[in-house]
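A short write-up of the structure that comes next.
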Amino acid sequence: MGERQLTPAGGTVPLGREFFDRPAHEVAPDLLGRVLVYGPVALRLTEVEAYGLPGEDPAAHTYRGMTPRNAVMFGPPGHVYVYFTYGMHFCANLVCLPEGVGSGVLLRAGEVVAGIEIATARRSAGTGRGVPARDLARGPARLAVALGLTLEHNGLDACAPADGTLAVLEGEPPGADLIRSGPRTGVASGKETPWRFWIDGDPTVSPYRPHVPRRRRTS
DNA sequence: AGCTAGATTCGCT
DNA sequence: GCGAATCTAGCTT
């Protein structure tokens, strides 16, 4: 493979596995401003959410233990957990804590800093419409599309630069005064846990939507 | 075996 | 603002 595309804002140093070997709610705010690279596309993370331990965090996919879908979350830290939801969307997480513990950080939004043309093509494919730059990765499923992540990438190691093109670079983390936190978006339980973290004032942060129970289909 | 809710997004009203 | 698209997991018959 050729040189990984880097940007001045992205830095060049990949985060090591030890970065992810901590509780998700500690990793999450530290991920803001870091640069996630997959192939030709790179994005600066602006919004993330932490999901906690089996039996402790009712909003987490791992709350009730390991299943075929969430097995990657119980693997080693620094791998990517991709899941399929609402019958049509993919969302990506970075696994935290040692093997055997199911926990991770949902990647909710970012600013595309490399490969904008490719990301735009992916996001507008089939729609025949343009996509504003700030919307390219504004929302977890949009982020996955922009980066080109699908179920095929579930389990990929983001801490093995020699193996692939997926990595999280050091980047330029925002000052602590710019980091905000609040309740997680769209979760029914665990509303009181402020484990959504974002960069204050960044236009790529997704709008907050409180959980609303879906009305039952009218017969 | 069947039903419901979900870490969502898009297009139309 | 609302409905559709339609996979997965957990809980109920």
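Just a few scattered comments:
- Cβ-Cβ distances below 9 Å connect the following pairs, each with a first residue in segment A:122-134 that is at pLDDT below 90, a second residue that is within 8 Å of DNA strand B (Cβ to nearest atom) and open to solvent by less than 80 Å² (accessible area, probe 1.4 Å), and a separation of six or more residues or different chains: A:125/A:145.
- Residue count for segment A:40-65, restricted to those that are within 16 Å of DNA strand C (Cβ to nearest atom), in contact (Cβ under 8 Å) with a residue 60 or more places away in the chain and touching a helix residue (DSSP H, G or I) at 6+ places or on another chain (Cβ under 8 Å): 2
- All positions within segment A:85-100 that are within 16 Å of DNA strand C (Cβ to nearest atom) and more than 13 Å from residue A:28 (Cβ to Cβ): A:85, A:86, A:87, A:88, A:89, A:90, A:91, A:92
- Every residue from segment A:142-155 that is at pLDDT 95 or above and open to solvent by 60 Å² or more (accessible area, probe 1.4 Å): A:142, A:145
- The number of residues in segment A:143-157 that are within 16 Å of DNA strand C (Cβ to nearest atom) and in a loop (DSSP other than H, G, I, E, B) comes to 4.
- Among the residues of segment A:26-55, those that are open to solvent by 20 Å² or more (accessible area, probe 1.4 Å) and within 13 Å of DNA strand B (Cβ to nearest atom) comprise A:51, A:53, A:54.
- Residue A:99 satisfies every condition listed in (1) of a type in the set (Asp, Glu); (2) farther than 28 Å from residue A:121 by Cβ; (3) open to solvent by less than 20 Å² (accessible area, probe 1.4 Å) except (3).
- Scan of segment A:188-207 for residues that are among the basic types (Lys, Arg) and either crowded, with 19+ Cβ neighbours inside 10 Å or at positive phi (or both), ordered by number: A:196
- Residues in segment A:157-187 that are open to solvent by 60 Å² or more (accessible area, probe 1.4 Å) and of a type in the set (A, V, I, L, M) were compared, and the one that is nearest to residue A:23 (Cα to Cα) is A:176.
- If you go through segment A:66-84 and keep only what is among the hydroxyl-bearing types (Ser, Thr, Tyr) and more than 6 Å from DNA strand C (Cβ to nearest atom), you end up with A:81, A:83.
- Subset of segment A:56-65 (residues that are open to solvent by less than 30 Å² (accessible area, probe 1.4 Å) and either within 17 Å of the chain's Cα centre (by Cα) or near DNA strand B (Cβ under 9 Å from one of its atoms) (or both)): A:57, A:59, A:60, A:62
- Count of segment A:72-89 residues which are modelled with pLDDT of 95 or more, part of a strand (DSSP E or B) and open to solvent by 40 Å² or more (accessible area, probe 1.4 Å): 0
- Residue A:44 vs. criteria closer than 24 Å to residue A:171 by Cα, of a type in the set (D, E, K, R) and either touching an Asp or Glu at 6+ places or on another chain (Cβ under 8 Å) or modelled with pLDDT under 95 (or both): yes
- Residues (free of Cβ contacts under 8 Å to residues at least 24 places away in the same chain and away from DNA strand B (no atom under 12 Å from the Cβ)) located in segment A:66-80: A:68, A:71
The values are calculated or read from the model by the stated rules, or taken from the named source; none is laboratory data. Everything numeric here is computed off the predicted structure, so don't read it as measured data. Note that each Cβ is placed from the backbone with ideal geometry, even for glycine, and that neighbours are counted across all protein chains shown. These area figures cover heavy atoms from the full protein model, side chains too; ligands, DNA and RNA do not enter into them. Shrake-Rupley method; radii C 1.70, N 1.55, O 1.52, S 1.80 Å.
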